[in-house]
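Here the structure comes first, spelled out in structure tokens, and everything after it is commentary.
The values are calculated or read from the model by the stated rules, or taken from the named source; none is laboratory data. Keep in mind that what you see is a predicted model, and the values were worked out from it rather than measured. All Cβ positions, glycine included, derive from the backbone under ideal geometry; neighbour counts span all protein chains shown. Calculation scope for accessible area: heavy atoms of the full protein, side chains included, ligands and nucleic acids excluded. Shrake-Rupley method; radii C 1.70, N 1.55, O 1.52, S 1.80 Å.
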Amino acid sequence: QVELVESGGGLVQAGGSLRLSCAASGRTVSSYAMGWFRQAPGKGREFVATINWSGSSTDYTDSVKGRFTITRDNAKNTLYLQMNSLKPEDTALYYCAARRSSSYDRGTNAYAYWGQGTQVTVSS
């Protein structure tokens, strides 16, 4: 079993930056692809970014390309999301997830393990 705990969320002004972390415990996730998703009030959970097991391949939703960067440190069993140039439309509850496969995927159904989420609020 894998437990995921997100941290690093908060309130920031538009144009600011935040760095989210996702610490895994229970077993190593070094062989698993991982991802970040978000859910705004009244909306469904949407894909943000994903990374393969080694960190050599990544994918992003178009709205965050060039602003967000997903990375991982397998020695620390931790996933990160660096978010720059934040916009009010980035406001959401951000979740990290892990899938029992080494290759990344954009679909929520592809992920077996989920954290509880960390709130990101961007003020205009």
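What residue, among those in the stretch 58-75 that are free of Cβ contacts under 8 Å to residues at least 40 places away in the same chain and of a type in the set (D, E, K, R), is surrounded by the most Cβ atoms within 10 Å (Cβ to Cβ)?
That would be R72.
Please find, among S63, S56, the residue that is assigned to a loop (DSSP other than H, G, I, E, B), out of contact with any Lys or Arg (no Cβ under 6 Å at 6 or more places or on another chain) and on the phi < 0 side of the Ramachandran plot.
Exactly one of S63, S56 is assigned to a loop (DSSP other than H, G, I, E, B), out of contact with any Lys or Arg (no Cβ under 6 Å at 6 or more places or on another chain) and on the phi < 0 side of the Ramachandran plot, namely S56.
Of the residues that sit in the stretch 66-98 and are in a loop (DSSP other than H, G, I, E, B) and among the hydroxyl-bearing types (S, T, Y), which one is nearest to L4 (Cα to Cα)?
Among those residues, the one meeting the criterion is T91.
For the stretch 1-42, what are the residues that are in a loop (DSSP other than H, G, I, E, B), within 15 Å of the chain's Cα centre (by Cα) and hydroxyl-bearing (S, T, Y)?
Residues satisfying the conditions are S17, Y32.
What pairs can you find where one residue is in the stretch 35-50 and open to solvent by less than 10 Å² (accessible area, probe 1.4 Å), the other is at pLDDT 95 or above and among the basic types (K, R), and their Cβ atoms are less than 9 Å apart, with a gap of 6+ or different chains?
Final answer for the pair search is G35/R99; G35/R106; F37/R45; V48/R38; T50/R99; T50/R106.
Kindly indicate the residue of the stretch 83-123 that is within 11 Å of T50 (Cβ to Cβ) and either of a type in the set (K, R) or touching a helix residue (DSSP H, G or I) at 6+ places or on another chain (Cβ under 7 Å) (or both) and also surrounded by the fewest Cβ atoms within 10 Å (Cβ to Cβ) among those meeting that condition.
The qualifying residue surrounded by the fewest Cβ atoms within 10 Å (Cβ to Cβ) is R106.
Filtering the stretch 1-17 down to residues that are in contact with a Phe, Trp or Tyr (Cβ under 9 Å, 6 or more places away or on another chain) and not charged (D, E, K, R), which residue is surrounded by the most Cβ atoms within 10 Å (Cβ to Cβ)?
Going through the stretch 1-17, the residues in contact with a Phe, Trp or Tyr (Cβ under 9 Å, 6 or more places away or on another chain) turn out to be 1-4, 6, 8-9.
Narrowing further to those that are not charged (D, E, K, R): 1-2, 4, 8-9.
Working: Q1: 7, V2: 18, L4: 23, G8: 16, G9: 19.
Once the filter is applied, the top-ranked residue is L4.
Restricting attention to the stretch 61-79, does a residue exist that is touching a Leu at 6+ places or on another chain (Cβ under 7 Å) and of a type in the set (S, T, Y)?
No: zero hits.
Go through the stretch 58-79 and report how many residues are closer than 15 Å to G8 by Cα and polar (S, T, N, Q).
So the count comes out to 3.
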